[in-house]
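Here's the structure, in structure tokens; my notes come after.
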Amino acid sequence: MDRFSRLLGKFSREKSEAKLASTLNKKAEAPEANANGTSGYLIKEGPNAGKILKHLKTDRSKL
């Protein structure tokens, strides 16, 4: 295997891995914040369904 074949193969593998990672990142969905008037994350499935995690608060004095 000569140098150019190795470099071309490496470039091709990295390019296809980057494309796969990009596709997977685009399909990821963020949790729904501030749903139903709450300032936390609402769990929708599983044994803890309906619970709200981590209420986000800001002090008015720091605004």
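All of the numbers you see were taken from the coordinates with simple rules; none came from a lab. Only a predicted model underlies this, so the values are computations on that prediction, with no experimental measurement involved. Please note: Cβ atoms are built from the backbone with ideal geometry, for glycine as well, and neighbour counts cover all protein chains shown.
Observations on the structure shown:
- Per-pair calculated FRET efficiency, R0 = 35 Å: GLU14 and LEU53 via Cβ, rounded to 0.05: 0.40
- For SER22, the shell of other residues with beta-carbons less than 14 Å away shows a net charge of +2, using +1 for Lys and Arg and -1 for Asp and Glu.
- Too-long pairs where the Cα-Cα distance tops 31 Å, listed order kept, from LYS10/LYS44; LYS26/LYS51; LYS15/LYS51; LYS26/LYS54: LYS10/LYS44; LYS15/LYS51
- For the range 16-25, 3J(HN,Hα) per residue [Karplus equation, 6.51 cos²θ - 1.76 cosθ + 1.60, θ = phi - 60°, Hz, x = Gly/Pro]: 5, 5, 5, 5, 5, 4, 5, 5, 5, 5
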